[in-house]
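Worksheet: the structure to be examined is printed underneath.
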Amino acid sequence: MWFLHSIPLYGRAFENTTGIQQPYSGVGNGSWDAGIWDVKVLPFPGAAVIEDYKTGGAYSYGGCRDIMSQDQTQRPNTLVSPLDAVKKELITFDTVGIVQQKAKYIMHHGFAGTSYWDLSSDYVGSGSLVAAAVNQYKYGLDQTPNHLYYPGSRFDNIRSCMGACPSNSTNYSTTPNCDRTRRERFAFKIGS
């Protein structure tokens, strides 16, 4: 059996609070839903970031919200929201250090690897949380183009594994070791 550990590439906001494990009122705006921020825009300027390696979690508290749009290459001067005064806002999210700790835990316990939601929310470059996890794994990132296998789908592209199935996809389900192959393709190979 294969186990994956999910790592969110977003943060959850809690407003009008005095800190962690304290009451809050509201969740405020977000990158794509109320109270949910892409990790690539976190932490907000001036916010204190706390990494708790005992619990394996991190959060930011306070700060200003002067965030550029999600698509920073096309609209570099568009703000998601106006500049806010210092807020009593706590946002939980993973940092590079916390993700590295989680990846070590995953390797130590023999998990298959990590999954993420959603990749477009990650930092690019040295702050990437995906890269932070992958760099801890012995075999790195599985480079298989996709992991879809739905031979009974009514959609041709899904039935053909988005073009990645063997050329004779009608025999794909009867290929020796098919289940084993699919499991191996699905999981990050982290080894021991």
Cross-link partners of Lys87 among lysines (Cα-Cα below 30 Å; sequence separation of 8 or more within a chain): Lys40, Lys54, Lys102
q = 0.18, 0.29, 0.32 Å⁻¹: log10 I(q)/I(0) that the Debye formula gives for the stretch 94-138, counting C-alpha atoms only: -0.48, -1.11, -1.25
Pairwise label distance in nanometres, Ser120 with Ser25, each label 7 Å out on the Cα-Cβ vector: 3.5 nm
Linear extension gain, Glu15 paired with Trp2, 0.36 nm per residue minus alpha-carbon span: 0.9 nm
Full-stretch length increase - Lys104, Asp33 - with 0.36 nm per residue and alpha-carbon distance subtracted: 22.4 nm
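No value in this document is a laboratory result; all are computed from the given coordinates. Small disclaimer: the values here were computed from a predicted structure and weren't measured. Every residue, glycine among them, receives a Cβ derived from its backbone with ideal geometry; neighbour counts consider all protein chains shown.
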